[in-house]
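Q: This is the structure, below, for whatever I ask next.
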Amino acid sequence: MDIQKLKAKRAERRRFRVRKGLYGTPEQPRLSVFRSNLHISAQLIDDLNGVTVAAATSAGKNSGVKHGGNVKAATVVGQKLAEAAKAKGITKAAFDRGQYRFHGRVAALARAATAAGLVCTGPTPAAKPKPEGEAAPAEAKAKPKGEGKPKGEGKPKGEGKPKGEKAEKKPEGK
């Protein structure tokens with residue numbers, strides 16, 4: 001396979017894996033980041049209604065940034081997005097880094113948005129919250145380490161043939 005196709009395929013798998021647990025709601029939209037070599041842009045997406053609530057980018061004359069492909073520009077974009085979100089009454093967002101590592105410009109955008117008042121969190125809970133007193137299935141089945149099945153309690157003793165013996169051959173008769 002061509003190297004560029006392989007890189008694109010891996011990026012697509014990474015993007016799907018990251019986005020699998022994220023879902024934007026009107027109260028907590030998904031903060032989606034797009035990074036190119038020259039610019040960075042981010043938008044708050046309400047997946048429930050399929051609309052973009054707010055957006056900010058380093059591209060364009062009114063962005064207020066001279067060069068859009070650096071950490072300083074990402075910080076400005078994060079602050080602008082947080083201001084736009086506050087104007088619409090949004091204080092929390094589920095951060096969707098897409099195929100990009102949480103490093104450099106992507107991290108700077110998220111930290112700037114959080115510092116400006118838009119709290120960027122991880123995945124939003126997909127299901128409704130459990131009532132109190134009901135344990136999660138993973139907690140109920142978890143065993144402490146070392147509490148496995150003791151050795152020797154597999155099969156009952158005496159079944160099957162011993163390892164050293166072989167099946168007897170019958171002599172051939174005429």
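The values are calculated or read from the model by the stated rules, or taken from the named source; none is laboratory data. Note that the structure is predicted; figures quoted are calculated from it, not measured. Positions of Cβ are backbone-derived with ideal geometry, glycine not excepted, and every protein chain shown enters the neighbour counts. Calculation scope for accessible area: heavy atoms of the full protein, side chains included, ligands and nucleic acids excluded. Shrake-Rupley method; radii C 1.70, N 1.55, O 1.52, S 1.80 Å.
Q: Mind listing the long-range amide H neighbours of residue 92? Cut-off is under 5 Å, sequence gap 5 or more, other chains count too, H placed in the peptide plane at 1.01 Å from N.
A: Here 119 satisfy the definition.
Q: Continuing with this model, one more query. Hey, which of these cross-link pairs are over 31 Å Cα-Cα: 20/86; 20/80; 5/88?
A: From the list (20/86; 20/80; 5/88), the Cα-Cα distance tops 31 Å for 5/88.
Q: Additional query: Kindly report, to the nearest 10 Å², the accessible surface of residue 47 as traced by a 1.4 Å probe over protein heavy atoms only.
A: Its heavy atoms expose roughly 40 Å² to the probe.
Q: Between residue 59 and residue 3, what is the label-to-label distance in nm when each label sits 7 Å out along the Cα-to-Cβ direction?
A: Placing both labels 7 Å beyond Cα along the Cβ direction yields 2.7 nm.
Q: Regarding the range 12-90, what is the average projected area of its C-alpha convex hull, in nm²?
A: So the mean shadow area of the Cα hull is 5.7 nm².
Q: Run the simple label-point estimate for residue 66 and residue 92 please: 7 Å along Cα→C-beta, distance reported in nm.
A: 4.1 nm
Q: Now for a separate question. So what J values fall out for the range 19-31 if you push phi through Karplus, 6.51 cos²θ - 1.76 cosθ + 1.60 with θ = phi - 60°, rounded to Hz, Gly and Pro as x?
A: 7, 4, x, 9, 8, x, 10, x, 6, 9, x, 8, 8
Q: List, in order, the whole-Hz ³J(HN,Hα) value for each residue of the range 40-46 obtained from phi through the Karplus relation with A = 6.51, B = -1.76, C = 1.60 and θ = phi - 60°; use x for Gly and Pro.
A: With coefficients 6.51, -1.76 and 1.60, one gets 9, 9, 9, 8, 9, 10, 8 Hz.
Q: Would you mind checking which residues have amide H under 5 Å from residue 47's amide H? H placed 1.01 Å from N; only 5 or more apart, or other chain.
A: Amide H to amide H, under 5 Å and 5 or more residues apart or across chains, residue 47 pairs with 24, 25, 30.
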